[in-house]
Every structure is written in structure tokens, then in C-alpha cells.
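**Student:** Handing you this structure, nothing more for now.
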Amino acid sequence: MTASHDVLLIGGGGAGLRAAIAVAETNPELSVAVVSKVYPMRSHTVSAEGGAAGVIADDDTLDEHAYDTISGSDWLCDQDAVEAFVQEAPEELLRLEHWGCPWSREPDGRVAVRPFGGMKNMRTWFAADKTGFHMLHTLFQTSLKYDGVRRYDEWFVTKLLVDDGRVHGVVAVELMSGRIEAITAKTVILCTGGCGRVFPFTTNANIKTGDGMSLAYRAGAPLKDMEFVQYHPTGLPFTGILITEAARAEGGWLLNKDGYRYLQDYDLGKPDPHPVLRSMELGPRDRLSQAFEHEVEKGRTTDTPYGPIVHLDLRHLGAKVIDTKLPFVRELCLQYQNIDPVQELVPVRPVVHYMMGGVHTDIDGATPLGGLYAAGEVACVSINGANRLGSNSLPECLVFGARAGRAAAQYAAEAGEPPSAVQAQAEDERRRLERTLADRAGGGERISTIRSEMQQVMEDSAGIYRSQDSLAKGADQLAQLQERFRVADLDDRSRTFNTELTAMLELQAMLDVAETMVQSALRREESRGAHQRTDFPARDDARFLAHSLVHRNPDGSCRVEYLPVTMTRWPPGERVYGR
């Protein structure tokens with residue numbers, strides 16, 4: 001059986017829903033499908049807590065937002081994309097306001113903004129500390145009014161259908177029944193989010209397994225800047241659950257085991273000559289995570305069964321501020337750590353949070369493959385470069401989700417019907433999945449064993465600090481894991497919600513993505529933003545002021561090429577942050 005649509009979106013989170021709305025608004029005659037492996041309101045956008053950046057205050061400017069983003073990226077972002085982003089972000093946030101998003105307010109009724117790490121001005125809009133939850137609700141409810149948008153909830157996409165350099169749809173498994181179906185389309189937009197689950201400690205939900213990146217990579221689209229993995233400095237140590245940067249924006253302190261605010265000992269960048277609305281705790285995420293590693297080396301952290309930790313101190317804020325502006329933080333601490341931040345210190349450690357890299361796209365979300373677009377964390381446009389500033393990711397989903405939706409709608413209106421050749425591809429994929437269910441039995445390992453080993457390999461080889469030796473060892477270990485994966489066991493033969501089959505398909509994607517991260521990091525012989533090489537501690541603009549592009553070779557190996565960074569008005573300089 002084959003379904004057919006004009007535009008097909010993979011992923012039902014913030015970027016996917018915003019793109020679907022943009023398609024429906026651009027051309028109401030188009031048939032739109034949203035395919036998601038979870039119900040849209042289970043998408044990871046719902047977990048974003050702190051806020052969304054957009055210039056609104058009288059003492060802020062678009063150029064200042066652009067410069068903060070470019071400097072924060074360690075000059076690896078494309079400045080034309082950043083200029084478009086900062087221009088359109090406030091427009092998108094206001095549009096969400098009109099659609100019903102309940103932004104927090106000042107007493108005079110204006111939208112409230114808070115400071116965020118790496119930004120000189122207060123420009124982060126927020127809805128208490130459940131910003132992503134309210135944004136996703138707003139987008140989901142808005143999408144329901146468009147009759148042309150059909151949803152395939154709890155379907156898992158396994159392959160992009162490609163013919164003559166163009167994408168013509170997907171093959172997907174309905175998780176409830178196990179039915180395998182081709183869904184053809186004139187254009188496909190990837191909005192599947194990131195891949196934090198490649199690492200053992202992450203703020204990411206279990207669904208963040210790099211599926212979209214792997215789909216594009218295997219179809220022939222390059223991945224860009226995969227060596228840049230952002231650690232968030234404040235995750236709960238066992239679960240990895242995010243304690244939002246908003247907790248530090250409201251005045252929280254980071255303390256080592258001696259109760260000392262250790263960030264005053266670290267150079268977070270040369271002091272900024274201009275007044276800033278920042279404390280030490282609101283330095284950029286890469287610098288704070290690196291400072292934690294130095295505290296570990298000095299023996300000034302506390303050992304736990306889940307690794308070394310420091311503490312986040314919110315006690316001085318008081319119950320009123322915490323319950324008004326950080327209610328979700330208090331709820332998470334009570335439920336997952338049995339700690340009340342009003343009265344107790346919160347244990348935290350750096351955990352993997354965000355991928356700056358992703359599927360290579362232009363400013364409108366188009367990939368080098370005809371008919372394939374990408375937006376959100378799965379994509380690399382690039383506005384984040386070597387380090388994303390907190391609160392830029394939610395408006396990125398809106399701005400580039402809308403851009404990709406509009407561009408895909410125009411492409412679909414002019415494209416012809418998918419060729420019959422893709423049906424043969426779909427049938428081949430159906431047979432492959434059927435064989436996987438039938439033949440994977442006996443003698444192999446469990447999926448969970450290989451997955452856990454992969455995660456530890458990535459933490460050891462490509463964590464906050466990397467080296468030639470650690471990365472080369474990691475590359476060898478990943479190659480061995482790939483071989484073991486090919487003969488791994490699949491015990492569950494059922495069709496209905498076969499979570500073991502889903503885990504196997506996700507692990508295949510994670511192994512793909514892990515290889516691109518390690519190979520890209522091996523070749524970048526410098527330290528920039530989130531990519532810190534102990535054997536190459538300096539930034540090297542002469543050799544590496546360029547994006548890495550990872551292509552998959554026909555034999556399954558990868559090759560890394562480089563693409564110049566787009567500069568407009570801001571030449572490379574030193575990153576400066578206030579104390």
C-alpha cells in the first residue's frame with residue numbers, strides 16, 4: 001500500500017509543526033503529511049525550559065543579537081543566516097503570541113525577558129520555565145485548524161526514497177501494527193531533532209537518536225559540523241534531566257565541594273568593556289563545561305556513583321522567586337532528586353544537550369539533494385557554529401521551520417509526480433525489514449549492550465576534551481561496534497509496538513552519527529567552541545575557519561571535506577565575556 005502527499009514532514013516537534021503551518025499558509029491546496037515516531041506533544045521541544053531569544057527591549061538591537069550569536073559561535077556560523085535569524089525571530093515570537101502562547105509579563109503588561117548565557121542584553125522571552133511546553137502546545141493547536149495537514153502519529157521512517165538525485169518520499173513502519181508502507185511526496189522536510197542519546201549522560205529524551213541525520217546521510221546528503229557537541233553545565237547527575245539556564249539567569253550560583261563559586265577563577269573570555277547583564281554563571285555553555293573539567297582535575301568536585309558533581313545554589317533566591325519563575329525546576333528536583341532547591345543544594349554535572357551540527361542546508365532549509373529540506377536541531381544552516389547560545393534554539397525552530405516550509409511548498413507546486421522507480425526501492429526496504437524480523441536470532445548480542453558501549457566510547461573519546469589518541473581509539477572501537485551490530489539479536493518477533501525493533505533501527509542511526517562525529521573531530525586540529533583538542537589548544541582560523549562536511553562513501557565509510565564560512569560584517573575576533 002502506498003500513500004501520497006505533496007509535502008511530507010518527518011518529525012512533529014517545534015520545527016516540524018511550524019513548517020507544516022507554513023506550507024498550509026503558503027499554498028492551502030497542497031496535501032501535507034506529518035510523520036512522527038511519537039505523538040507530537042511528546043516531541044522533545046516540550047522539554048525546553050528557559051526561553052526563546054528575540055530582540056524586543058528598547059535598549060537592544062538586532063546587530064547586538066547577531067554579534068553575540070557570531071561571537072558565541074567562535075566565528076564558525078554563517079553570518080547571512082544569523083542576520084536573517086535575528087531579524088525574523090521577534091516576528092515569529094510575536095506570531096506565537098497572537099496564536100496564544102502565554103509569555104510571562106512585566107507588571108505593566110509587556111513581554112518579560114531574562115538574561116541568558118553569552119548574551120549582553122536581556123532578550124530571552126519565557127513562559128515561566130516551561131517555554132517549550134507552551135510553544136509546542138501553541139503550534140500543535142494552531143496546526144489543527146488546517147484541513148490539508150494529515151498526521152501519521154507513531155510511525156517510524158526507515159528510508160528516504162531517492163531517484164536521480166531527488167527525494168520522492170519515505171518508507172515507514174506503523175508502530176501499532178508493524179505495517180510497512182511507502183509514503184511518496186514531492187518534497188520531504190526533516191525535523192527530527194538531535195542525537196544526544198549517542199552519549200550516556202544527556203538532557204535529551206530517549207527519542208533523540210539522530211534518525212533524521214542518518215536518513216539524510218545514507219541518502220547522499222552531507223552532514224555539517226558534526227564535531228561540535230554542546231554540553232549543558234547543569235544536568236541532574238543520574239537522569240541527565242536539564243536544570244535550565246534560567247536558574248542561573250535568575251541568580252543561581254555554581255559551587256564546588258568547598259562551597260566556593262569557582263567560576264571566578266576561570267577566564268570565560270577577556271572582560272567586555274561594555275556593561276553586561278551577566279554573572280560568572282552566565283558565561284557561554286562551552287566555557288562553563290570546560291571549567292567543570294578543570295575543577296575535577298583539581299579535586300574540587302564531589303564524587304558520586306554517577307561521576308563527579310558540583311552544586312547549584314538557589315537557596316538565596318527564596319521560595320517566592322523560585323515558585324514564580326522556576327516552578328518546574330523545583331518540581332524536577334523534588335521528583336527526581338528528592339531535593340527542595342528552596343532549602344538544599346542541587347547536584348549538577350555537564351551533560352550532552354545539543355548538536356550544533358546536522359544536515360547541511362542553505363538559508364531556506366534546502367539540502368544538496370533535490371526535494372529534501374531540514375530545519376531545527378537536525379539541520380545545520382548554520383547559526384550556531386562551534387557553540388550555540390542558550391535560548392537561540394527555540395526561535396531557530398520557528399524561523400527556519402517557517403523558511404523550509406515556504407520553500408518546500410514552492411518546490412512541491414512545481415514538481416512532478418514521483419517516478420515509478422521508487423516503488424522498487426520501497427519494496428526492497430520492506431523486504432529488508434521483514435528479513436530483520438525473521439533472521440535476527442541466536443548467537444549475537446543484545447542491542448542494549450552495544451548501545452551502552454557506544455555511549456561510553458563517545459564519552460571517553462569525544463567528550464568535553466578530545467585528543468588524537470582518544471579519537472583514533474574511539475574510531476576503532478566504533479568500527480568494531482558496527483560489526484557486532486550487524487549480527488545483534490532481535491528476540492521480539494511481534495508486530496505490535498515492537499520496541500526492540502525500534503531500538504535496533506535507532507541504534508543503526510546512532511552508530512552512523514557517532515562515526516561522523518569522531519571522524520570530523522579527528523580532522524579538525526584546533527580548539528574552537530565546544531570542540532576542544534588537548535593536543536591543539538589554540539583556534540586556527542588559517543586552516544579551520546570552515547565547516548566540515550561529512551559524506552558517506554558507497555562502501556559505507558565516510559570522507560570529510562570543508563566549506564568556507566560565510567562572512568558579512570563581522571571579521572573573526574576574540575570572544576569576550578563580562579565577569
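**Student:** Mind telling me which of the residues THR516, THR534 ends up being open to solvent by less than 50 Å² (accessible area, probe 1.4 Å) and among the hydroxyl-bearing types (Ser, Thr, Tyr)? Steps first, please.
**Tutor:** On the way: THR534 fails: open to solvent by less than 50 Å² (accessible area, probe 1.4 Å).
Just a single option satisfies the conditions, and that option is THR516.
**Student:** Among the residues of the stretch 215-229, write down those that are open to solvent by less than 10 Å² (accessible area, probe 1.4 Å) and assigned to a helix (DSSP H, G or I).
**Tutor:** If we filter the stretch 215-229 for residues that are open to solvent by less than 10 Å² (accessible area, probe 1.4 Å), which is where we start, we get 216-217, 221-229.
Within the stretch 215-229, ALA216, TYR217 meet the criteria.
**Student:** ALA521: under 20 Å from TYR217 (Cα atoms), small (Gly, Ala, Ser), open to solvent by 10 Å² or more (accessible area, probe 1.4 Å) and modelled with pLDDT of 95 or more, yes or no?
**Tutor:** no
**Student:** How many residues are assigned to a helix (DSSP H, G or I) and open to solvent by less than 40 Å² (accessible area, probe 1.4 Å) when one looks only at the stretch 409-462? Reasoning before the result, please.
**Tutor:** Taking the stretch 409-462 and keeping what is assigned to a helix (DSSP H, G or I), we get 409-414, 421-439, 447-461.
Restricting the remaining residues to those that are open to solvent by less than 40 Å² (accessible area, probe 1.4 Å) gives 409, 412, 422, 426, 429, 433, 436-437, 447, 450, 454-455, 457-458, 461.
Residues in the stretch 409-462 being assigned to a helix (DSSP H, G or I) and open to solvent by less than 40 Å² (accessible area, probe 1.4 Å): 15 in total.
**Student:** Among the residues of the stretch 333-345, is any open to solvent by 40 Å² or more (accessible area, probe 1.4 Å), out of contact with any helix residue (DSSP H, G or I) (no Cβ under 7 Å at 6 or more places or on another chain), in a helix (DSSP H, G or I) and within 22 Å of PHE116 (Cα to Cα)?
**Tutor:** no
**Student:** Okay, next question. Is it the case that the stretch 485-497 has a residue that's open to solvent by less than 10 Å² (accessible area, probe 1.4 Å) and in contact (Cβ under 8 Å) with a residue 40 or more places away in the chain?
**Tutor:** Within the stretch 485-497, one or more residues are open to solvent by less than 10 Å² (accessible area, probe 1.4 Å) and in contact (Cβ under 8 Å) with a residue 40 or more places away in the chain.
**Student:** Which pairs turn up if I take residues in the stretch 401-418 that are within 17 Å of THR184 (Cα to Cα) and look for partners that are β-branched (Val, Ile, Thr) and open to solvent by 20 Å² or more (accessible area, probe 1.4 Å) with beta carbon separation below 6 Å, at least 6 apart in sequence or on another chain?
**Tutor:** Qualifying pairs under 6 Å: ALA409/THR26.
**Student:** Which members of the stretch 346-356 meet the condition of being open to solvent by 20 Å² or more (accessible area, probe 1.4 Å) and either farther than 30 Å from ARG403 by Cα or in a loop (DSSP other than H, G, I, E, B) (or both)?
**Tutor:** Hit for the stretch 346-356 is ARG349, nothing else.
**Student:** Being within 25 Å of THR324 (Cβ to Cβ) and either aromatic (Phe, Trp, Tyr) or surrounded by fewer than 17 Cβ atoms within 10 Å (Cβ to Cβ) (or both) narrows it down to one residue among GLY132, GLY109; which is it?
**Tutor:** GLY109
**Student:** Residues ARG539, ARG533: which one is among the basic types (Lys, Arg) and more than 23 Å from the chain's Cα centre (by Cα)?
**Tutor:** Exactly one residue qualifies, and that residue is ARG539.
**Student:** Hey, can you tell me all the residues within the stretch 1-46 that are assigned to a strand (DSSP E or B), aliphatic (A, V, I, L, M) and either free of Cβ contacts under 8 Å to residues at least 40 places away in the same chain or under 24 Å from VAL359 (Cα atoms) (or both)? First the steps, then the outcome.
**Tutor:** Going through the stretch 1-46, the residues assigned to a strand (DSSP E or B) turn out to be 2-10, 32-36.
This time we only want the ones that are aliphatic (A, V, I, L, M), so: 3, 7-10, 32-35.
Scanning the stretch 1-46 gives VAL7, LEU8, LEU9, ILE10, VAL32, ALA33, VAL34, VAL35.
**Student:** For the stretch 288-324: of the residues being hydrophobic (A, V, I, L, M, F, W, C) and in a helix (DSSP H, G or I), which is nearest to GLU49 (Cα to Cα)?
**Tutor:** Among residues in the stretch 288-324 that are hydrophobic (A, V, I, L, M, F, W, C) and in a helix (DSSP H, G or I), the one nearest to GLU49 (Cα to Cα) is ILE322.
**Student:** Being open to solvent by less than 10 Å² (accessible area, probe 1.4 Å), closer than 16 Å to ALA219 by Cβ and outside any loop (DSSP other than H, G, I, E, B) narrows it down to one residue among VAL359, VAL399; which is it?
**Tutor:** That would be VAL359, the only listed residue that is open to solvent by less than 10 Å² (accessible area, probe 1.4 Å), closer than 16 Å to ALA219 by Cβ and outside any loop (DSSP other than H, G, I, E, B).
**Student:** In addition: Would a scan of the stretch 318-330 turn up a residue that is within 27 Å of the chain's Cα centre (by Cα), open to solvent by 40 Å² or more (accessible area, probe 1.4 Å) and modelled with pLDDT of 95 or more?
**Tutor:** Yes, that holds for at least one residue.
**Student:** While we're on this one: Output yes when any residue across the stretch 177-195 is within 23 Å of ASP286 (Cα to Cα) and open to solvent by less than 10 Å² (accessible area, probe 1.4 Å), and no when none is. Give the derivation first.
**Tutor:** First pass over the stretch 177-195, keeping only residues within 23 Å of ASP286 (Cα to Cα): 193-195.
With the extra rule that they be open to solvent by less than 10 Å² (accessible area, probe 1.4 Å), the set shrinks to 194-195.
Yes; the residues of the stretch 177-195 include at least one that is within 23 Å of ASP286 (Cα to Cα) and open to solvent by less than 10 Å² (accessible area, probe 1.4 Å).
**Student:** All but one of (1) assigned to a loop (DSSP other than H, G, I, E, B); (2) more than 22 Å from GLY51 (Cβ to Cβ); (3) open to solvent by less than 10 Å² (accessible area, probe 1.4 Å) hold for ASN384, so report the exception by its number.
**Tutor:** Unmet for ASN384, out of (1) assigned to a loop (DSSP other than H, G, I, E, B); (2) more than 22 Å from GLY51 (Cβ to Cβ); (3) open to solvent by less than 10 Å² (accessible area, probe 1.4 Å): (2).
**Student:** Being free of Cβ contacts under 8 Å to residues at least 12 places away in the same chain and open to solvent by less than 30 Å² (accessible area, probe 1.4 Å) is true for just one of GLY529, GLY556. Which residue is that?
**Tutor:** Being free of Cβ contacts under 8 Å to residues at least 12 places away in the same chain and open to solvent by less than 30 Å² (accessible area, probe 1.4 Å) holds for just one of GLY529, GLY556, which is GLY556.
The values are calculated or read from the model by the stated rules, or taken from the named source; none is laboratory data. For clarity, every value in this text was computed on a predicted model and none was experimentally measured. Glycine gets a Cβ as well: all are built from the backbone with ideal geometry, and neighbour counts include every protein chain shown. For the accessible areas, the whole protein counts, side chains as well, though only heavy atoms, and no ligand, DNA or RNA atoms are used. Shrake-Rupley method; radii C 1.70, N 1.55, O 1.52, S 1.80 Å.
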